[in-house]
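S.K.: I'd like to ask some things about the structure below.
Only the coordinates and a few stated rules stand behind these numbers; no lab work does. Remember, predicted model here, so these are calculated numbers, not experimental data. Glycine gets a Cβ as well: all are built from the backbone with ideal geometry, and neighbour counts include every protein chain shown.
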Amino acid sequence: MVAFVFPGQGSQHVGMGTDIAAAFPEARETFDTASALLGCDFLDLCRNGPEAELTRTVNAQPAILTVSTAIFRVLRSKGLVPQMAAGLSLGEYSALVAAGSLVFEDAVRLVRARAVYMQEAVPEGEGAMAAIIGLSEGDVRDICGRSSDEGTVEPANFNCPGQIIISGRAAAVQKAVSLARKAGGSGIPLKVSAPFHCSLMQPAATRLKADLDEVEIRSPSIAVFANVSAGMVTSPAEIREALLRQVHMPVLWERSVREMISRGARVFVEVGPGKTLANLIRKIDRTVAVFSVNARRGDGLEGGLISCGILTEERPSSPGRPGV
């Protein structure tokens, strides 16, 4: 079985998706739709930046959704469709669009609102996130507990064996990073503008509920796996609840991938900017085939994944950034 996986915030970069948009009308139409809905020229932003503007949460989240959906629509036009889908954090919206649960227009509006609510939940500079490398889940939970005297700090993303993202108050995250290094691991501060996927985001989830309640959500046409449970969501009610909970609860990415594999996934295709998910999946299980589709040439549509209708494995040359 083929599973499509969609990246989250942190995968954005200047230039993403622009060659796809230039080559395929369905991709350009996706950019045009998002731009008209949100009053921002996303094709220009993705093509020219500046990077600081593209990286802003309120721009990065809808931009990544737009690029991922544009690439998905091209793949679908070529006859490549998945049997399963999942997305890392923001990428869950892309997966739901691919599964027909959300129409793209609604997803773009929701993602922009989500980004605003998450950014406003904690004043900029007061929150932080960091990747803890080389320690067990138990070690990371213990370190977070020992750092809580400085404020909230919690595991936020269980990405792959040996990589767990923590999130919370800046001082508490800084202390946890220091303790992780003393314990023999490493701590890498992430360049994010808010502490995602921790209890500090509860106000954002509360605000998002009203937006989700106004949107039509359909049952997915393929199996979709939710971040917060690592299990399939099959009904509109389950999907709404999962999208609310993932704002302020941890992303169980490693468990999600293992669950897809247990249900028959043997080929994973990362659809969207970057190669973070491809690298994470290889660290989770090296027996599955993994592809990244993020450009027209080189390592994407014409660079192997679609070449006379034959799949060829594409291995990334760099480790990528920790995903949030």
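S.K.: For helix 202-213, what angle does its Cα long axis make with the longest principal axis of the chain, in degrees from 0 to 90 and rounded to 10?
M.R.: Helix 202-213 sits roughly 30 degrees off the main axis of the chain.
S.K.: Considering amide H positions built from the backbone, and no H for Pro or chain starts, which residues 5 or more places from Q163, or on another chain, come under 5 Å of its amide H?
M.R.: Amide H neighbours of Q163, under 5 Å, 5+ apart: G134.
S.K.: Say each of D32 and A237 gets a label point 7 Å from the Cα, pointing the same way as Cα to Cβ; how far apart are those two points in nm?
M.R.: Once both label points are built, they end up 4.1 nm from each other.
S.K.: Give K175/K283; K191/K275; K182/K209; K78/K209 a once-over and call out the pairs whose C-alpha atoms are over 29 Å from each other. Could the numbers behind the result be given before it?
M.R.: On the way: K175/K283 27 Å; K191/K275 18 Å; K182/K209 41 Å; K78/K209 36 Å.
Flagged as over cut-off: K182/K209; K78/K209.
S.K.: Quick one: which of 74-81, 164-171 comes out on top by average Cβ neighbours within 10 Å, and what's the full order, highest first?
M.R.: Values: 74-81: 15.5, 164-171: 25.4.
Top of the packing list down: 164-171, 74-81.
S.K.: Further, regarding this structure: So which trypsin sites (Lys or Arg not before Pro) in the stretch 253-287 end up in coil per DSSP with only 15 or fewer other C-beta atoms within 10 Å? Intermediate results must be reported in sequence, preceding the final value.
M.R.: Details: sites: R255, R258, R263, R266, K275, R282, K283, R286; in loops: R263, R266, K275, R286.
In loop regions of the stretch 253-287 (DSSP not H, G, I, E or B), the sparsely surrounded trypsin sites (Lys or Arg not before Pro) are R263, R266, R286.
S.K.: How far is helix 236-248 tilted off the main Cα axis of the chain, in degrees rounded to 10, range 0 to 90?
M.R.: Helix 236-248 sits roughly 50 degrees off the main axis of the chain.
S.K.: Based on the Cβ-Cβ distance from E137 to A52, what FRET efficiency comes out when R0 is 25 Å, to the nearest 0.05?
M.R.: Working: r = 34 Å, r/R0 = 1.37.
Result of the calculation: an efficiency of 0.15.
S.K.: If you count the DSSP beta bridges with both ends in the chain, what percent of them are antiparallel, to the nearest 5? Before the final figure, lay out the partial values.
M.R.: Values: 20 of 37 bridges.
The answer is about 55 percent antiparallel.
S.K.: Quick check: convex hull over the Cα atoms of the stretch 127-192, volume per residue in Å³, rounded to an integer?
M.R.: About 61 Å³ per residue, rounded to a whole number.
S.K.: While we're here: What value, in deg cm²/dmol to 500, does the helix sum -39500 (n - 2.57) over DSSP H runs of n ≥ 4 give at 222 nm once divided by the residues of the chain? Could you put the intermediate results ahead of the total?
M.R.: On the way: 13 runs with 147 residues, N = 324.
Value at 222 nm, helices only: -14000 deg cm²/dmol.
S.K.: When S35, S89, S68 are ordered from fewest to most other Cβ atoms inside 10 Å of their Cβ, what list results?
M.R.: S35, S89, S68
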